[in-house]
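Working notes, structure below.
The values are calculated or read from the model by the stated rules, or taken from the named source; none is laboratory data. This one's a predicted model, so the numbers in the text were calculated from it and none came from an experiment. Using ideal geometry, Cβ is built from the backbone for each residue, glycine included, and neighbour counts are taken over all protein chains shown.
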């Protein structure tokens with residue numbers, strides 16, 4: 001009986017370890033395919049925020065929020081940004097991790 005419990009626990013631990021390796025390993029290019037990405041980590045809001053620095057470019061201009069990264073990326077792909085003002089977008093956590101925010105990287109006013 002002890003051998004079966006140990007084998008089961010070991011198998012669960014190995015499965016958990018393998019699954020953990022697959023979580024959080026996506027690169028920024030995989031998250032935003034076909035678009036230049038931000039140097040900001042997707043787990044933090046990009047800086048500098050245009051609202052906090054008086055709009056001095058370059059900065060990140062907040063657009064809207066979503067419940068998931070997929071929704072944010074889908075919206076960004078379906079609603080292209082004005083390339084005369086922005087050069088890329090980034091989806092990153094928002095509201096302390098409760099939501100996902102969409103920011104455009106503003107290079108011109």
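Quick one: count up the residues across region 70-89 that are touching a strand residue (DSSP E or B) at 6+ places or on another chain (Cβ under 7 Å) and modelled with pLDDT under 95. Qualifying residue count, region 70-89: 1. Within region 58-75, residues that are within 10 Å of residue 94 (Cα to Cα) sit with their Cβ atoms under 6 Å from residues that are in a helix (DSSP H, G or I), at 6+ positions apart or across chains, in these pairs: 66/72. Residue 38 satisfies every condition listed in (1) crowded, with 18+ Cβ neighbours inside 10 Å; (2) modelled with pLDDT of 95 or more except (2).
Can you name the residue in region 78-109 that is farther than 17 Å from residue 47 by Cβ and touching a residue at least 40 places away in the same chain (Cβ under 8 Å) and, of all such residues, is surrounded by the fewest Cβ atoms within 10 Å (Cβ to Cβ)? By that ranking, first place goes to 109. Taking residue 108 as meeting all but one of (1) within 14 Å of residue 50 (Cα to Cα); (2) not in a loop (DSSP other than H, G, I, E, B), write down the number of the exception. (2) is the only condition that residue 108 fails.
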